[in-house]
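Okay, structure first, notes after.
Each reported figure results from applying straightforward, stated rules to the coordinates on display, with no laboratory input. Treat the numbers as computed from the prediction; the structure is a model and nothing was measured. Cβ placement follows ideal geometry from the backbone for every residue including glycine, while neighbour counts extend to all protein chains displayed.
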Amino acid sequence: MIEVNDLCFSRHDGGKKLSILNQLNLTVPAGQHLALLGDSGSGKTTFLHILAGLLHADSGSVSVNKELLSSLNEYERTLYRRKIGLIFQNYQLLDCLTVKQNIFFQYKLNFPKQENSEFESLINELGLEGKLNSLPYQLSGGEQQRVSIARALFNQPQIILADEPTGNLDKQRSIQVVELLTQLCRVRKINLVMVTHSHQLTEYFDQVKELRDGRFV
Ligand SMILES: Nc1ncnc2c1ncn2[C@@H]1O[C@H](COP(=O)(O)OP(=O)(O)O)[C@@H](O)[C@H]1O
Ligand SMILES: [Mg+2]
């Protein structure tokens, strides 16, 4: 569950204060999925980064599964970030690692001593069986995005934050990726927040919000 109350965020540019996010309020009940729309520069990525614990709000509160982000110390914040799955427009796979290594790399850093039996089923669900030894450059955009979804879900996150994950994909592949992503999150009962430009993709979501100049409209 994600709860945002009166969230404000600004940046300082020289001596000037730039207000980026203004009085945002939002509740995403446990397991539900939110689509976030908005023009370029409206604050979508900034908002995701605050949810991910990468940026701090100036005022207001953000809690994720009852954890109040502003109350976490640096160590707790690191632990919190391990519970967040991030998916990006440009996939951000490691070029020199195979598909399988990409999926395991972050997990092994986060949980060096813990086995994870989810690998095979996740790979099958995402249709990546034949690609495990491929390098990212040998995959299509849709396949690379499916690897990045597998990597995010393999970490068994509490929430998934996806920043325009279909921004580099054609319409048909975008629909495929969003159908898969929402379905996999649904089964696992995890919150999904996805930024998208496409009104067509919002039909897969429980809730749709639009940012304009840092405010919800
Ligand atoms: N590092 C930064 N320093 C100053 N301003 C920034 C920085 N990052 C983003 N901004 C500004 O914050 C606003 C929101 O940016 P962003 O959250 O990236 O928007 P979106 O993802 O909706 O395109 C924009 O006006 C952008 O120029
Ligand atoms: Mg952005």
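Each Cα pair under 8 Å and six or more residues apart adds its separation to the average, and for the chain the resulting relative contact order is 32 percent. All Cα-Cα separations within the chain were binned at 5 Å from zero, giving a P(r) of 1, 7, 15, 19, 19, 16, 12, 7, 3, 1, 0, each value a whole percent of the pairs. The mean of 1/r over all distinct Cα pairs in the range 15-101, once inverted, gives the Kirkwood hydrodynamic radius of 15.4 Å. Were the residues from residue 170 through residue 135 laid out at 0.36 nm apart, the gain over their Cα-Cα distance would be 10.4 nm. For the pair the range 132-151 / the range 111-127, the C-alpha centres are spaced 15 Å from each other.
Checking every one of the trypsin sites (Lys or Arg not before Pro) in the range 124-161 against DSSP loop status and a limit of 16 other Cβ atoms within 10 Å picks out no site at all. The stretch between residue 197 and residue 54, if pulled fully straight at 0.36 nm per residue, gains 49.2 nm over its current Cα-Cα span.
For the pair residue 117 and residue 68, the difference between a 0.36 nm per residue extended length and the Cα-Cα distance amounts to 14.6 nm.
Show log10 I(q)/I(0) for the range 1-59 at q = 0.22, 0.24, 0.29, 0.30 Å⁻¹, two decimals, from a solvent-free Debye sum over equal Cα scatterers. The Cα Debye sum returns log10 ratios of -0.97, -1.12, -1.43, -1.45. In order along the range 62-75, the Karplus-derived 3J(HN,Hα) couplings, from 6.51 cos²θ - 1.76 cosθ + 1.60 at θ = phi - 60°, round to 10, 10, 10, 6, 6, 8, 7, 4, 5, 8, 7, 7, 4, 5 Hz, and Gly and Pro are given as x.
For the range 1-121, the relative contact order comes to 23 percent (Cα pairs under 8 Å, sequence separation of at least 6).
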